[in-house]
Amino acid sequence: MIFEGFFGNDSLRQQLSLALEQDRLPHAVILEGPPGSGKRTLAQILARACVCTAQGERPCGVCPACIKAKAGSHPDIIVESGGTAARSFHVDAVRRVRSDAYIKPNEASRKVYCLFEAQTMSEQAQNALLKILEEPPDGILFILTCPSASALLPTIRSRSLILTLEPREQSGDHPEAEALAAQILRELPLPDESAVLKTCAPLIQNRELLRQVLDRLTVLFRDAAVLRAGGTSLTRDPSAQELARQLTRDRLLALTELSTQTRRRMDQNANNTLLVTVFCAQLRAVAGY
């Protein structure tokens, strides 16, 4: 999976990526974590990944399904949310979801129901949801977000996969990584092939910085691909805008795949020196320089 805008929580990301790749997602997932941990962001990413039509990493961000999902108009992603007050997530909303769940998806292979602030469900609403969790129809996924799963009925918790999020690291918390990523992109088209390698030299001894740079490059490559396809920039980063002007959509998608594959190899404890060296060489080749 490609976790654009969602930082940290590496083991959780790997768990979700593997479950999606092997088609082993359960019918209900509870995302719990403190405010600011990225529960809603992760729920949206997972929902888009479930409807994405790309053959590689998902969500690709540029297929028609992803574009609809980002715009909030995909017919197979349904969002319901509670308010700030207790019991503000009413039973009528859950009943609508329950009735709709038995209707086949419109376009995707499954329907995804994002139930935000699930802790504000009344007990009646939770019992209504439990009825469908006990005997769920095929091709649905419920994603519930809440600060703590303990706010939900034990019977709902027992029928769901509970994932706990740690406080999210924001991209702005990594100025060194952002600066390095921007410098790599500036040097990529230069005639001197060693420029990028020299810039990346500190990453050989710093795996955490390498992770942050790869994550940042992935976001920029994908944002540039969206811009190239006529979409709207999410980062508004000048680097992404320049990439969109310079490179084709296919090359930008290939660069996205390269950075995510390199990140995966790093997580698998590949040799850092070899990893960085090969990545720098492949960057220029994939970009066509």
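Bear in mind these aren't lab numbers, they're just calculated from the coordinates by the rules spelled out. Remember, it's a predicted structure, so these values are computed and weren't measured experimentally. No Cβ is skipped: glycine too gets one built from the backbone with ideal geometry, and neighbour counts run over all protein chains shown.
Within the stretch 75-117, list the residues whose amide N lies under 17 Å from a label point set 7 Å along Cα→Cβ of Glu135.
98-103
Using only the Cα atoms of the stretch 29-117, build the gyration tensor, take square roots of its eigenvalues as a ≥ b ≥ c, and label the shape rounded, prolate or oblate: rounded if a/c is under 1.5, else prolate if a/b is larger than b/c, else oblate.
It comes out oblate by the Cα gyration axes.
Give the long-range amide H neighbours of Ser88: residues separated by 5 or more places, or on another chain, with amide H under 5 Å away, using H modelled in the peptide plane at 1.01 Å from N.
Gly83
Counting only pairs 8 or more residues apart or on different chains, how many lysine pairs in the chain have their Cα atoms under 28 Å apart?
11
Summing Lys, Arg as +1 and Asp, Glu as -1, what charge do residues with Cβ under 12 Å from the Cβ of Asp76 carry, Asp76 excluded?
Overall, the nearby charge balance is +3.
So what is the relative contact order for the stretch 46-104, in percent, with contacts set as C-alpha pairs under 8 Å and at least six apart?
For the stretch 46-104, the relative contact order is 19 percent.
Starting from the Cα of Leu190, step 7 Å along the direction of its Cβ; do the same at Leu209; then give the gap between the two resulting points in nm.
Label at Leu190, label at Leu209, 1.7 nm between them.
In whole angstrom, note down how far apart the Cα centers of the stretch 89-164 and the stretch 14-85 are.
14 Å
With charges set only on the Cβ (+1 for Lys and Arg, -1 for Asp and Glu), what does the dipole of the chain come to about its Cα centre, in debye to the nearest 20?
Once rounded to the nearest 20, the dipole reads 440 debye.
How long is the chain along each principal axis, judged by its Cα atoms, biggest number first, in Å?
Cα spread of the chain along its principal axes, largest to smallest: 66, 35, 32 Å.
In nanometres, what is the gap between the two model label sites at Asn272 and Ser150, each 7 Å from Cα along Cα-to-Cβ?
3.9 nm
Please label the shape of the stretch 103-257 as rounded, prolate or oblate, based on the square roots a ≥ b ≥ c of the eigenvalues of the alpha-carbon gyration tensor (a/c under 1.5 means rounded; beyond that, a/b larger than b/c means prolate, else oblate).
Prolate, because a/c is 1.5 or more and a/b exceeds b/c.
Considering only Ala195, Ala86, Ala125, give the residue with the highest GNM mean-square fluctuation for the chain, with springs between Cα atoms whenever their separation is below 10 Å.
Ala86
Pick from Cys52, Cys114, Cys63: which is most flexible by mean-square fluctuation in a GNM of the chain where alpha carbon atoms under 10 Å apart are linked?
Cys63
Multiplying the sequence separation of Tyr102 and Gln183 by 0.36 nm and subtracting their Cα-Cα distance, what value in nm do you get?
Here the answer is 24.1 nm.
Indicate the gyration tensor shape class of the stretch 174-234 (rounded, prolate or oblate), computed on the Cα atoms with a ≥ b ≥ c the square roots of the eigenvalues: a/c under 1.5 is rounded; otherwise a/b larger than b/c is prolate and the rest oblate.
oblate
In a Gaussian network model over the chain where Cα atoms closer than 10 Å are linked, find which of Thr262, Thr145, Thr218 has the largest mean-square fluctuation.
Thr262
If contacts are Cα pairs under 8 angstrom and at least 6 residues apart, what is the relative contact order of the chain in percent?
Contact order relative to length: 20 percent.
Which residues among the stretch 184-208 fall inside the zone where the amide N is under 19 Å from a point 7 Å beyond the Cα of Gln14, along Cα→Cβ?
Once the point is set 7 Å along Cα→Cβ of Gln14, 206-208 turn out to lie under 19 Å by backbone N, inside the stretch 184-208.
Arranged from highest to lowest average of other beta-carbon atoms within 10 Å per residue, in what order do the peptides 36-44, 203-211 appear?
Result, highest mean Cβ count within 10 Å first: 36-44, 203-211.
So for the stretch 182-289, considering every pair of alpha-carbon atoms, how many percent are separated by more than 19 Å?
39 percent
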